[in-house]
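The values are calculated or read from the model by the stated rules, or taken from the named source; none is laboratory data. Quantities reported herein were computed from a predicted structural model and do not represent experimental measurements. Note that we place each Cβ from the backbone using ideal geometry, even for glycine, and neighbour counts take in every protein chain shown. Just so you know, the surface numbers come from the protein's heavy atoms only, side chains and all, with ligands and any DNA or RNA stripped out. Shrake-Rupley method; radii C 1.70, N 1.55, O 1.52, S 1.80 Å.
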Amino acid sequence: MFVITNSPNHSKDKMAKGIIRFCYKKIIDISAEKQWEKYVFEDTYREFFMQSQFYNQEGKYHTFQELIANVPGADKLHYLVSTAAINYIRQLNDLIPDIANAHQQLCLPFKNFRFEIIQSHTKRKEEHKVAIYFYTEPIIWIDTIDTQLLIAYGNQNDKVRNGEEIQTDLITMKSFLSISSFQNL
């Protein structure tokens, strides 16, 4: 719990910094360790293998990059292959994987995601690599403590402005987690 106040008795650095959105890039490849990641890897590779046959009926190309460079419309493979991951993404219950709060609980909710094939090969499964970008709704960024951000969820701007108590979380910035947008309060 953190109280933010605008009263003259408190310093300005206790006020919230702004409203942010996070983006987390989850990369999944042959080295996947968690069962969820393994399922996404297997099913998206299978879907890539099947869908790429439509764009490569003569069998001239073996890599995703070759298909993109030489076959008109092959960029649709990102979307087509993403369909194999959608049910697994739903299993996350709208919580970004790998991002935990100070209590080691998954905490960052997401509403949108974007799927991308980084690389793949029709004959070498071990070269298959995809990324899922998870985007949060607006979050209040209260403060930074070392490498951790103190945040609050939802539309609590009025409470922040009035110095009322709000529920908070403390998350650690890590690789592939970025602030994708910022707005002053």
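A few notes on this one:
- The charge dipole of the chain, taken about its Cα centre with unit charges on the Cβ of Lys, Arg, Asp and Glu (plus for the first two, minus for the last two), comes to roughly 200 debye.
- With both labels modelled 7 Å from their Cα along Cα-to-Cβ, the residue 158 to residue 70 distance reads 6.2 nm.
- Within the accessible area of the chain, the carbon and sulfur atoms contribute 48%, probe 1.4 Å, all protein chains present.
- On a per residue basis, the chain carries 57 Å² of accessible surface, using protein heavy atoms and a 1.4 Å probe.
- Computed 3J(HN,Hα) for segment 160-172, one whole-Hz value per residue from the Karplus formula 6.51 cos²θ - 1.76 cosθ + 1.60 where θ = phi - 60°, is 4, 4, 8, x, 7, 6, 9, 6, 10, 9, 10, 10, 8, glycine and proline marked x.
- Amide H contacts under 5 Å for residue 163: 6, restricted to partners 5 or more places along the chain or on a different chain, H placed in the peptide plane at 1.01 Å from N.
- In degrees, nearest ten, helix 35-55 long axis to first principal axis of the chain (Cα): 50 degrees
- Mean projection area, nm², convex hull over Cα of segment 106-174: 6.4 nm²
- Distance (nanometres) between label positions extended 7 Å along Cα→Cβ at residue 123 and residue 27: 2.6 nm
- 15 Å reach of a label modelled at residue 79, 7 Å along Cα-to-Cβ, counting backbone N of segment 126-164: none
- For segment 67-99, backbone nitrogen atoms closer than 17 Å to the point 7 Å from residue 35 Cα along Cα-to-C-beta are found at 87-93, 98.
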